[in-house]
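In what follows, a structure is listed as structure tokens, so that the remarks can point back to it.
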Amino acid sequence: MKPGIHPDYHPVVFCDAATGTQFLTRSTATSSQTVEWTDGQHYPLIVVDITSASHPLWTGTARVVDTEGRVERFRRKYAGRGSFRG
């Protein structure tokens, strides 16, 4: 790597806002908030909305968004209007 052209790459703690799960990794992101890690060091804390600890793909929990099909709802809503043939 060329010296002087890359951003600072340092240890950062990411916290999942939904579950509170924290993990230490390296990143170029920074924050004014800090947290004390298990090793006694203080690291920048970045709170994120979703991580593998709360994402349905990784947790195996699926959320039902819609019980009816979108097409059926559309047809019911616009069945009597204009040139729609449903």
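The values are calculated or read from the model by the stated rules, or taken from the named source; none is laboratory data. From a predicted model like this one, the values you see are computed outputs, not experimental measurements. A quick note on method: Cβ atoms are made from the backbone with ideal geometry, for glycine too, and the neighbour counts reach across all protein chains shown. The area values use the complete protein model at the heavy-atom level, side chains included, leaving out ligands, DNA and RNA. Shrake-Rupley method; radii C 1.70, N 1.55, O 1.52, S 1.80 Å.
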**Residues located in segment 33-42, provided they are within 21 Å of Pro7 (Cβ to Cβ) and either open to solvent by less than 80 Å² (accessible area, probe 1.4 Å) or part of a strand (DSSP E or B) (or both)** = Thr34, His42
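Condition check ((1) at pLDDT below 85; (2) open to solvent by 70 Å² or more (accessible area, probe 1.4 Å); (3) of a type in the set (D, E, K, R)) across all residues:
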site: Tyr9; (1), (2), (3): no, yes, no
site: Phe23; (1), (2), (3): no, yes, no
site: Ser31; (1), (2), (3): no, no, no
site: Pro44; (1), (2), (3): no, no, no
site: Val48; (1), (2), (3): no, no, no
site: Thr61; (1), (2), (3): yes, yes, no
site: Arg70; (1), (2), (3): yes, yes, yes
site: Ala79; (1), (2), (3): yes, no, no
